[in-house]
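Taken together, the values in this text are just the output of simple stated rules run on the coordinates, not laboratory data. Computed from a predicted model, the values in this text were never measured in an experiment. Here Cβ is always computed from backbone atoms with ideal geometry, including for glycine, and neighbour counts include all displayed protein chains.
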Amino acid sequence: MSLGEPFEDLELDQWVTTAVRHQSEGFRLVQMTGTARADHFEIMVSYDKDYRCVNYRTRIPRDHPELPSLSAIFPAAFTYENELKDLFGVVVPGLTLDYGGNFLRTKTKIAFSGEVVVKKGAATATKAGQEV
Amino acid sequence: MSNTIVPFGPQHPVLPEPIHLDLELDDERVVQALPSIGYVHRGLELLAERHDFTEMAQVAERICGICSFIHSQGYCQGIEQLLGIEAPPRAAYLRTVWAELSRIQSHLLWLGLAADAFGFESLFMQSWRIREAIVDIIEETTGGRVIFGTCKVGGIRKDLDADTVQRVRQRLRDIETGYDELATIFRRDPTVKQRTVGVGLLSGEDAYALGAVGPVIRASGIVRDTRKLGYAAYGELDWEPIVEQAGDCYARCEVRLREISQSFDLIAQCLDRLPSGEIEVSAKGKRPKGEAMFRLEQPRGEVCYYMQANGQKNLERFRVRTPTFANIAPLVHMLKGSELADVPVIVLTIDPCVSCNER
Amino acid sequence: MSWFPISTLVTRNAMQRPATRLYPFEQRTPYARTRGHVAFAIDNCDFCTVCAVKCPTRAIVASKKDRTWAIDHSLCILCENCIEGCREGCITLSDKPWPPMLAKDVLGFRQAFESPAV
């Protein structure tokens, strides 16, 4: 079953204006998330009204990961933005409630920002170790 | 006089799992609450980038021990959307049956914990006694009490024969009688009312603005149930979302009480209309491509799965936004201005599932 | 009377036998589908190692060369992937739960080599 929900790309300077527009039209913030890419982070936000969801994506560069905060527009955004900050190391100016990187008390700080490599060698090594 | 800060959690009698709240108190009244999570963060989202997409269905099921089946259902339906296949009708109906069974057991578990939180030990025992009968049905039909292990990409792994369907229907009728008695106690007992009526108020506007989901938003008078999207068999069943107006802890309790009765009814409808036929379509040789956002309703509220793939064996990005995460902001709002003694009850009424939260 | 429902229930429960079992003496009969543990019969096994490859936790280690098959029940998560993957049907599901393990233990099987023809 496909819901046929759109994914749209946004420039970073439209990020806040889109949020303001959706807020005034009565949309609800569903979620915000990030994806780590080789040279940039992809940030996605979803708004929903009457069970219909719209998703917007923007890119922020890895060397200058700065995302304007939506928490003044959608109060609920503070949890997602603190999560982005703790998992990807995104700097969020204007955050209403800033935990300073202590919202998620993970062992590895900014855990999701690294390069994703499949460690095939490591897996076979453990297997061989078990057989001995 | 300066305010006092009282740490609440990560270990607390009402919390089965670690979540921490810093409560800033003015005398006995909460001025501000600061939550922090991540004590048991497991990085399951990164795991999806390394594992075969069919294998991940089993990992997705283990995100949480209470909403286990619904997590695997959401993952599988999201992947099916990426692959462009659709589970056969029988699989969709049986998925609905199991999802509703897990909703009943989750809500009964919550009712027990809530009774325990306000010190009503015998009600707690009684709730869990009824829950045990539901868990037995789950074990008989799937083989596991917590981890169902029946959902796979393209359908389900186990079928029910006509005999089992009959037996399950009969037993559910008996359990429902016992449950009605329990619900009467929750509705009529003065102890329950004294601890919950008027506590932790959340207005409808606030609930919407703060992005509350599940029973929390429905108890504030807003009709929002993701099952209305009509995934699995929900589009073909007769039901309406359950809504309460008061917005306090009692209303949230009432929403869950009524949802259990509704789930009994939904299961009966599903078993009556159970279509015959195949239970799975093959996903062999297919690779997920594109991106999808899949939403469905867990016992605790709306859960979102965002997945992205580029034709590889593994997903590029798998993201789960769990209902508890969305309910943190409303929780902070509810705690402001409440009494310290009411904090455990308020925290419990959002039904915090920390392990869901810490994917 | 608002306290009436719970007192009726409590009185009735007090009159009846307990809902719980005296566990070690009285044990529940498992259901036909209960995932107890993975059982293995070596007779038909052709050591194709499909089960070992499909095992997500690497609880199963099989070797074609040595004709051995081993399972660590403390690692097994009862996902039934090996049972579905087994072509010879020598891996089956037992409804009896594996007894608690006091130490880490790997259960090994070895198929005897055929005696050389004289």
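Here the alpha carbons of chain B define both size measures, Rg and Dmax, at 20.4, 71 Å. Partner aspartates and glutamates whose Cα lies under 15 Å from the Cα of residue A:109, excluding those fewer than 8 positions away in the same chain, are identified as A:83, A:86, B:358.
Taking Cα atoms only, the orientation of helix B:89-117 departs from the longest principal axis of chain B by about 20 degrees.
Quote to one decimal, in nm, the extra length available between residue B:159 and residue B:42 on full extension: 0.36 nm per residue of separation minus the C-alpha distance between them.
Separation in residues times 0.36 nm, less the Cα-Cα distance, equals 38.9 nm.
Judged by the mean number of other Cβ atoms found within 10 Å, the most tightly packed of the peptides C:29-37, B:207-215 leads the ranking B:207-215, C:29-37.
Let me know the longest stretch in chain B that avoids all GluC sites (Glu not before Pro) found in a DSSP loop with at most 16 other C-beta atoms within 10 Å. That would be B:87-277. Footprinting exposure proxy ranking of B:307, A:32, fewest other C-beta atoms within 10 angstrom first, gives A:32, B:307.
On a 0 to 90° scale, report how tilted helix B:121-142 is relative to the longest principal axis of chain B, with both axes built from alpha carbons and the result rounded to the nearest 10. The helix B:121-142 is inclined about 10 degrees to chain B. Within the shell of other residues whose beta carbon sits under 15 angstrom from the beta carbon of residue A:57, the net charge comes to -4, with Lys and Arg scored +1 and Asp and Glu -1.
In this structure, the pairs whose alpha-carbon distance is over 31 Å, taken from A:107/C:96; A:49/B:313; A:49/B:193; B:286/C:96; B:158/B:313, are A:107/C:96; A:49/B:313; A:49/B:193; B:286/C:96. Look at B:313, C:54, C:96, B:284 and count the other Cβ atoms within 10 Å of each Cβ; fewest to most, that gives B:284, C:96, B:313, C:54.
Projecting label points 7 angstrom from Cα along Cα→Cβ for residue B:284 and residue B:203 puts them 6.1 nm apart. Ordering B:239, B:110 from the fewest to the most neighbouring beta carbons within 10 Å gives B:239, B:110. Our estimate of slack between residue C:19 and residue C:58, defined as 0.36 nm per intervening residue step minus the Cα-Cα distance, is 10.1 nm. Quick one: grab the alpha carbon gyration tensor of chain C, order the square roots of its eigenvalues as a ≥ b ≥ c, and give me rounded if a/c is under 1.5, else prolate or oblate depending on whether a/b is larger than b/c. Prolate, because a/c is 1.5 or more and a/b exceeds b/c.
Evaluated over the Cα positions of the protein assembly as shown, the convex hull gives a direction-averaged projected area, one quarter of its surface, of 32.2 nm². In this structure, residue C:33 and residue A:64 have a Cβ-Cβ separation that, at R0 = 51 Å, corresponds to a calculated FRET efficiency of about 0.35. The modelled label-to-label distance between residue B:171 and residue B:312, using points 7 Å beyond Cα along the C-beta direction, is 4.4 nm. Between the Cα long axis of helix C:4-15 and the first principal axis of chain C there is an angle of about 60°, rounded to the nearest 10. Spin-label pair residue B:22-residue C:73: with each label point 7 Å from Cα along the Cα-Cβ axis, the two points sit 4.9 nm from one another.
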